[in-house]
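First up is the structure itself, then whatever we jot down about it.
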Amino acid sequence: MKEACAEFLGTFFFILCGDGVMAAITLGRLDHTATLISAFGWGLALLVGVCIAGSISGGHLNPAVTVAMACMKKCSWKCVLPYILSQYLASFLAAALVYTVYYDAINEFDNGIRQVPPGVNSTAQIFSTYPQEYVSIGTCFIDQVAGTALLLIVICAAIDKKSINLPHIQSAVIGLGLATICLAFGQNCGAPLNPARDLGPRIFTALSGWGLNTFCVRNWMWFWIPIIGPHVGALLGVWLYYFFIEMHYQNYELLFNGRELERAEEPLPTVCITKPSSVSSNERMQSSDGTEVYKISEKEKSSEENPQKISEHPTSLLL
């Protein structure tokens, strides 16, 4: 199906460029600027990946996003399995291509001895995430839930057509949102926030020389956190956005100037500044600045061929 193909290509680009950025940071030993480069590298990769797939599949590029959107009926459940399979496969193949491109550099860096963090010459972090030694497993789980919830809030806000609708910058908002979250929550465990981004490359590294050390970190207690945590956080994020923002659109309209106007049961009257010939004196009103204004009915308005001046914002003239 074309939607699954779009998800595959968008995810492939996203992981390929994201892991490529991590390879440049690791192999170049960019310690002081690594956090900034990593955050904006992943953010820009997501921005372009969403642009690639967004018009066809919605540009999820993340199994947690796909499941959360299906739970909120913003995505058909029949798309969930094809999307997720495409995302995991694309992540695996993207990691393989990064490994191929940087094979010589990786060998030069670790002398052919594949290591995982906290090894001095570890290179497994190019492809997957690993927690800091001092961070507990419970903290890592909370970190992933909170970070992914924030990411889904950003995504829901960007695609919400009832809010200020800016379709041409949706991908930029999502990409910058990811970069911001990585800067804020990247210290503990690298902010994976995406099961495919972590598990697909982790499986590849396990098959390509790093072995089961990629899975047995923290006595096998770490590898499942970037899988389960983002799914929990994604569901939390979409429901938070629904309860705090989306459900309130039933009673309010958001105007382009940012003000909220409660929906009126009857249409607002048309108001003009000069008195039309067909308007009686008892329909005269007064604006907040003292200017006399007149209410005219639809029938009378149609009979007036050329009123001298009509206010562009009729409500601004009402008391």
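By a 1.4 Å probe calculation restricted to protein chains, Met1 has an accessible surface near 110 Å², given to the nearest 10. Heavy-atom accessible area with a 1.4 Å probe sorts Ser128, Ser38, largest first, into Ser38, Ser128. Other residues with beta-carbon under 15 Å from the beta-carbon of Phe127 carry, at +1 per Lys or Arg and -1 per Asp or Glu, a net charge of 0.
Applying 0.36 nm per residue to the separation of Leu97 and Met247 and subtracting their alpha-carbon distance, the gain on full extension is 49.6 nm. Local charge for Asn188 was computed over the other residues whose Cβ lies under 15 Å away, with Lys and Arg +1 and Asp and Glu -1, and equals -2. Counted by Cβ distance under 15 Å from Phe215, the other residues give a net charge of +2, where Lys and Arg count +1 and Asp and Glu count -1. Ligands, DNA and RNA left out, the 1.4 Å accessible surface of region 137-192 is 70% carbon and sulfur atoms. Ranked from largest to smallest solvent-accessible area, with a 1.4 Å probe on the protein heavy atoms, Glu7, Glu246, Glu108 come out as Glu108, Glu246, Glu7. Placing His60, His248 in order of accessible area, with the largest value first and a 1.4 Å probe, yields His248, His60.
The values are calculated or read from the model by the stated rules, or taken from the named source; none is laboratory data. These numbers were taken from a predicted model, which means no experiment stands behind them. Backbone-built Cβ (ideal geometry, glycine too); neighbour counts: all protein chains shown. Heavy atoms of the whole protein, side chains included, go into the accessibility calculation; ligands, DNA and RNA do not. Shrake-Rupley method; radii C 1.70, N 1.55, O 1.52, S 1.80 Å.
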